[in-house]
Amino acid sequence: MLSNFALKAFFIGVIFRQENPILQLYEVKMQESPTEDFDRIDLKILRALQLEGRLSNADLAERVNVSAATCHRRTQRLFDKGYITGVRAEVAPGAVGLGAMVMVGVVLDRSTPESFGAFEGAVMELKEVLDCNLVAGDFDYLLKIRVRDMADFNKLHGQKLIALPGVRQTRTFFVMKEVKENARLPF
């Protein structure tokens, strides 16, 4: 007999991917070799920008030892191909009154493409939800949420989270200490 994990993995891997463009896109990206169309200079550019996204083109070109024109062209190509998806400031959550992080496991009442789609569409509208991931295991989704405090989360939970389409159960984990957050990719 298959475990709950195996059944979910089978369902997601065989049936659901055919009807969900998000999973189809994920599957295509996973099948592509991540380095097939870029070289060591592109990797140097990616590493440098991952460490310091505010580098000027001239400084970046100097660090990777290419001309400014070559660096600009390569950086633009990395954006165009989706290897660089954006550049933004990392804001200290406490500085803007969002010092509490909460992880929420969500179980849906049905595992159908329609249920997943309805939930995903609705959760995209919640500004407090920083990350939403479809997972295998005890939950269907794992949410990463930022709020002011426990009272703020209680309000969000009571008014919005449990009202999301298809939610059967939630399980809440208040983060006591952020040990490693927004780490750089290891390449």
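Out of the residues in region 59-91 that are assigned to a helix (DSSP H, G or I) and of a type in the set (Val, Ile, Thr), state the one that is surrounded by the fewest Cβ atoms within 10 Å (Cβ to Cβ).
Here the residue is THR70.
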Inset, instruction - Could you look through region 59-105, keep only residues that are of a type in the set (Val, Ile, Thr) and within 16 Å of the chain's Cα centre (by Cα), and pick out the one that is farthest from ILE45 (Cα to Cα)? - result: VAL104
Inset, instruction - Filter region 147-160 for residues that are surrounded by fewer than 16 Cβ atoms within 10 Å (Cβ to Cβ) and assigned to a helix (DSSP H, G or I) and give the result. - result: MET150, ALA151, ASN154, LYS155, GLY158, GLN159
Inset, instruction - Could you check ARG184 against (1) of a type in the set (D, E, K, R); (2) touching a helix residue (DSSP H, G or I) at 6+ places or on another chain (Cβ under 6 Å); (3) crowded, with 16+ Cβ neighbours inside 10 Å and say which number it fails? - result: (3)
Inset, instruction - From PHE139, PHE153, grab the single residue that is of a type outside the set (A, V, I, L, M) and more than 14 Å from VAL175 (Cα to Cα). - result: PHE139
Inset, instruction - Determine if region 49-58 includes at least one residue that is assigned to a helix (DSSP H, G or I), free of Cβ contacts under 8 Å to residues at least 40 places away in the same chain, closer than 26 Å to LEU185 by Cβ and not polar (S, T, N, Q). - result: yes
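Let me confirm something: among LYS127, LYS144, which residue is within 24 Å of ALA92 (Cβ to Cβ), out of contact with any Gly (no Cβ under 8 Å at 6 or more places or on another chain) and either of a type in the set (A, V, I, L, M, F, W, C) or not in a strand (DSSP E or B) (or both)? So that I can check it myself, show each step before the final result.
On the way: LYS144 fails: either of a type in the set (A, V, I, L, M, F, W, C) or not in a strand (DSSP E or B) (or both).
Unique residue meeting the criteria: LYS127.
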Inset, instruction - Hey, can you tell me all the residues within region 59-96 that are charged (D, E, K, R), farther than 28 Å from LEU130 by Cα and touching a residue at least 12 places away in the same chain (Cβ under 8 Å)? - result: ARG63, ARG74
Legend entry - Members of region 161-175 that are over 12 Å from VAL106 (Cβ atoms) and in a loop (DSSP other than H, G, I, E, B): VAL175
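FYI, it's all coordinate maths here, none of it is from the lab. Predicted, not measured: the structure shown is a model, and the values here were computed from it. Here the Cβ is made from the backbone with ideal geometry for all residues, glycine too, and neighbour counts use every protein chain on show.
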